[in-house]
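Here's the structure we're looking at; comments come further down.
Rule-based calculations on the coordinates, nothing more; no lab input. These figures come from a predicted structure and were not determined experimentally. We place every Cβ from the backbone using ideal geometry, glycine too, and count neighbours over all the protein chains shown.
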Amino acid sequence: MSYLVPAQDLAVEETLKKSRFITLLAHTQGLAAARAFWQDCKDKHPGARHWCFAAVAGHPTDGQQYAMSDDGEPAGTAGKPMLAQLLGSGLGEVSAVVVRYYGGVKLGTGGLVRAYGGGVASALKALPSRLCVHYRTLELTLPYGQLPDLQYWLQKTGSQVLEESFADKVQLRIAVPDGEQEGLLAWLALQPAIQCRALNEDTP
C-alpha cells in the first residue's frame, strides 16, 4: 500500500519563555533508523536539557512502528503530543525530535504540551512529502510467445522490469506495486508455461 513519507529533513526553531525549542523531522525507515536519528540529534546538541522523541517509523497504521519518549519532561507532556501530531499527518516513516534548551522559566504541563505538540505541528506544515510505493519482487521464466501478454500486464499494474535476459526462454525479475500483486498473480496462475518465484524483497 502506498503512503506519504517526508521528502527531506527539516528543522524549525522557536523560543518560548526563554526556552529554545528546535523541532527536527526526518525520513526514517524502521525503529532502528528512528532511534539512530534521535541519538544523532543528541550528539549534535550536547548542551540541551531535553531531546524528546516520537516516531511513526513504518506504515502509518502499523502500531508496532510507533515510538515516543518524554526524555525527562513530565509524563505525557512531550512524546505523546508529538506522536499525536505525526499520526494526524498521515505520514509514514517519519521521526520527530524536539530539542529543548532550558531558559530558566517553567512552562507548566499545558505549556509543555503546546510547545512540543505545536512545534511538530508547525514543522509538519512546512515539510514536503512524496508518495512511497512498496514493491514485491518476482522472478519469471517464460516462452517468447507469452512475452507480449506479460508486457500488457506489467503496464497495466505499473510493474517495473529490474533485470532481463534472453536465452532459450525469457527470464525477468520484476517489481510489482503493493495493491497490484493479486491481479497479476491470479493471471500468472493460469499460465502453466510461465514459472514464477516470489522473492523476499520489499523495494520502496
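When you count the other C-beta atoms within 10 angstrom of each residue and take the mean per peptide, 185-193, 93-101, 14-22 line up highest first as 93-101, 14-22, 185-193. Against the main long axis of the alpha-carbon atoms of the chain, helix 31-44 sits at an angle near 40°.
Relative contact order, whole percent, for segment 2-92 stands at 27, derived from Cα pairs under 8 Å and 6 or more residues apart. Rounded to the nearest 20, the size of the Cβ-charge dipole of segment 1-79 about its Cα centre is 240 debye, with Lys and Arg at +1 and Asp and Glu at -1. To the nearest ten degrees, helix 108-126 and the longest principal axis of the Cα atoms of the chain are 40 degrees apart. Dipole magnitude for segment 60-204: computed about the Cα centre from +1 point charges on Lys and Arg Cβ and -1 point charges on Asp and Glu Cβ, it is near 680 debye.
Net length available on complete extension from D149 to E14 is 42.8 nm, with 0.36 nm assigned per residue and the Cα-Cα distance removed. Compared with the alpha-carbon gap, the fully stretched path from L185 to D168 is longer by 3.8 nm at 0.36 nm per residue.
Rounded to the nearest whole Hz, the Karplus-based 3J(HN,Hα) values (6.51 cos²θ - 1.76 cosθ + 1.60, θ = phi - 60°) of segment 66-81 follow the sequence 8, 7, 7, 8, 7, 6, x, 6, x, 3, x, 9, 10, x, 5, x, with x at glycine and proline.
The distance from the alpha carbon centre of segment 140-204 to that of segment 50-98 is 39 Å, rounded to a whole number. Sorting the segments 62-69, 102-109 by their residues' average number of neighbouring beta-carbon atoms within 10 angstrom, most packed first, yields 62-69, 102-109. Sorting the Cα pairs of the chain by distance into bins of 10 Å, from 0 upward, gives 9, 30, 21, 15, 13, 9, 3, 0 percent per bin.
Pop the C-beta distance of K125 and A36 into the FRET formula with R0 = 22 Å and round what comes out to the nearest 0.05. About 0.30, to the nearest 0.05.
When you count the other C-beta atoms within 10 angstrom of each residue and take the mean per peptide, 178-184, 112-118 line up highest first as 112-118, 178-184.
What you get for segment 38-136, charging only the Cβ of Lys and Arg (+1) and of Asp and Glu (-1), is a dipole of about 240 debye around the Cα centre. When segment 8-54 is described by a simple charge dipole with +1 on each Lys and Arg Cβ and -1 on each Asp and Glu Cβ, the residue from A34, S19, F53 located farthest towards its positive end is S19.
The label point for A75 and the one for E139, both projected 7 Å from the Cα toward the Cβ, are 5.2 nm apart.
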